[in-house]
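This report refers to the structure that appears directly beneath it.
The values are calculated or read from the model by the stated rules, or taken from the named source; none is laboratory data. For clarity, every value in this text was computed on a predicted model and none was experimentally measured. Using ideal geometry, Cβ is built from the backbone for each residue, glycine included, and neighbour counts are taken over all protein chains shown.
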Amino acid sequence: MTWLWPSLLGLSGVVQPDTILRWYRAGFRTYWRWKSRGRPGRPRVVREVRELIRRMSTENPLWGAPRIHGELLKLGFQIAESTVSKYMIRRRGPPSQTWRTFLRNHADAIAAIDLCLVPTLTFECLFLFLVVGHGRRQLLWFAVTRYPTAEWLAQQIVEAFPSDTAPIYLVRDNDGAYGHVFIRRVRAMGIRDRPISPRSPWQNPYAERLIGTIRRDCLDHVLISGERHLRRVLTLYSRYYNETRTHLGLGKDAPLGRAVQRTGNIVTTPILSGLHHRYERI
């Protein structure tokens with residue numbers, strides 16, 4: 001081969017054969033890079049699609065590349081499955097749903113109860129008993145009494161959940177009013193009693209939030225004259241709360257669902273003598 005490259009004899013005393021081969025490979029890559037310049041290769045995946053792939057893989061941890069690829073095809077994106085796999089979010093270990101998803105899938109089986117004190121115009125105190133469902137934040141039941149005994153509370157639970165509508169779990173605090181009669185009645189209905197830890201109202205957040213909402217939206221603006229007056233006011237407010245009032249936690253929908261109206265004239269209906277209003281199209 002020296003007759004092909006006479007200069008190799010001069011280099012033999014300076015470099016090793018491996019160096020010659022390394023130079024050759026580098027020259028080969030440089031030559032073909034130069035020769036292939038300006039030629040279009042595989043088209044780039046637009047940013048919108050890349051972000052959509054990452055979003056789908058984040059929101060659906062149980063989906064693999066074939067499932068996401070199928071969704072993209074249905075959305076009109078022509079893309080290879082290998083490209084989907086390339087831009088998916090990588091995880092360690094088996095896929096797992098988020099805590100939020102896990103809790104929401106069980107929320108319909110949970111209800112919460114609580115008592116709150118309502119002062120009257122004559123400086124007496126009434127007790128308001130509330131039952132709220134975790135699934136849609138719905139006010140399921142309310143009752144008013146001057147003396148919340150265990151027997152009375154047990155009867156309210158029966159009236160709040162007729163037939164087979166009882167939840168699986170009931171969250172409550174450790175108020176002494178929930179005596180043995182109440183606990184036995186709850187268990188007889190097939191409900192699992194779940195009292196929260198002492199001095200931990202944050203463990204019963206939906207009921208506590210509902211009480212705060214009722215106070216801010218209603219009771220703080222009305223002078224209650226007695227039991228009958230309180231029941232009438234709460235009846236009007238509970239209808240407004242469940243059917244009209246929008247909630248951030250429900251995507252700004254009402255607990256019982258409120259349809260979107262796009263046509264018709266807007267009509268205003270006063271609620272609680274104008275303390276709140278309902279707007280709808282007819």
Of the residues in the stretch 187-208, those that are closer than 20 Å to Gln138 by Cα and not in a strand (DSSP E or B) come to Ile191, Pro201, Trp202, Gln203, Asn204, Pro205, Tyr206, Ala207, Glu208
For Phe129, are the conditions met, namely being part of a strand (DSSP E or B), at pLDDT 95 or above and among the aromatic types (Phe, Trp, Tyr)?
yes
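Can you say whether Val260 is more than 24 Å from the chain's Cα centre (by Cα), among the aliphatic types (A, V, I, L, M) and modelled with pLDDT under 95, as far as the supplied structure shows?
Working: more than 24 Å from the chain's Cα centre (by Cα): no; among the aliphatic types (A, V, I, L, M): yes; modelled with pLDDT under 95: yes.
So Val260 does not fit the description; no.
Find the residue count for the stretch 188-208, including only residues that are surrounded by fewer than 12 Cβ atoms within 10 Å (Cβ to Cβ) and either of a type in the set (D, E, K, R) or touching a Cys at 6+ places or on another chain (Cβ under 6 Å) (or both). Let's see the steps before the verdict.
Of the residues in the stretch 188-208, the ones surrounded by fewer than 12 Cβ atoms within 10 Å (Cβ to Cβ) are 188, 190, 197-200, 202.
Checking which are either of a type in the set (D, E, K, R) or touching a Cys at 6+ places or on another chain (Cβ under 6 Å) (or both) leaves us with 199.
The total comes to 1.
When you look at Ala166, is it under 25 Å from the mean Cα position of the chain (by Cα) and either surrounded by fewer than 17 Cβ atoms within 10 Å (Cβ to Cβ) or outside any helix (DSSP H, G or I) (or both), yes or no?
Values: under 25 Å from the mean Cα position of the chain (by Cα): yes; either surrounded by fewer than 17 Cβ atoms within 10 Å (Cβ to Cβ) or outside any helix (DSSP H, G or I) (or both): yes.
Criteria met by Ala166.
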Tell me, yes or no, whether the stretch 113-121 has at least one residue that is among the hydrophobic types (A, V, I, L, M, F, W, C), exposed (fewer than 12 other Cβ atoms within 10 Å of the Cβ) and either touching a Leu at 6+ places or on another chain (Cβ under 7 Å) or within 25 Å of His229 (Cα to Cα) (or both).
yes
Scan the stretch 54-94 residue by residue and report those that are β-branched (Val, Ile, Thr) and without any contact (Cβ under 8 Å) to a residue 24 or more places away in the chain.
Ile68
Restricted to the stretch 132-160 and to residues being touching a strand residue (DSSP E or B) at 6+ places or on another chain (Cβ under 8 Å), part of a loop (DSSP other than H, G, I, E, B) and not polar (S, T, N, Q), the residue farthest from Ser225 (Cα to Cα) is Gly135
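Do the conditions hold for Ala177, that is, is it within 30 Å of Ile224 (Cα to Cα), outside any strand (DSSP E or B), at pLDDT below 95 and aliphatic (A, V, I, L, M)?
Working: within 30 Å of Ile224 (Cα to Cα): yes; outside any strand (DSSP E or B): yes; at pLDDT below 95: yes; aliphatic (A, V, I, L, M): yes.
Yes, satisfied.
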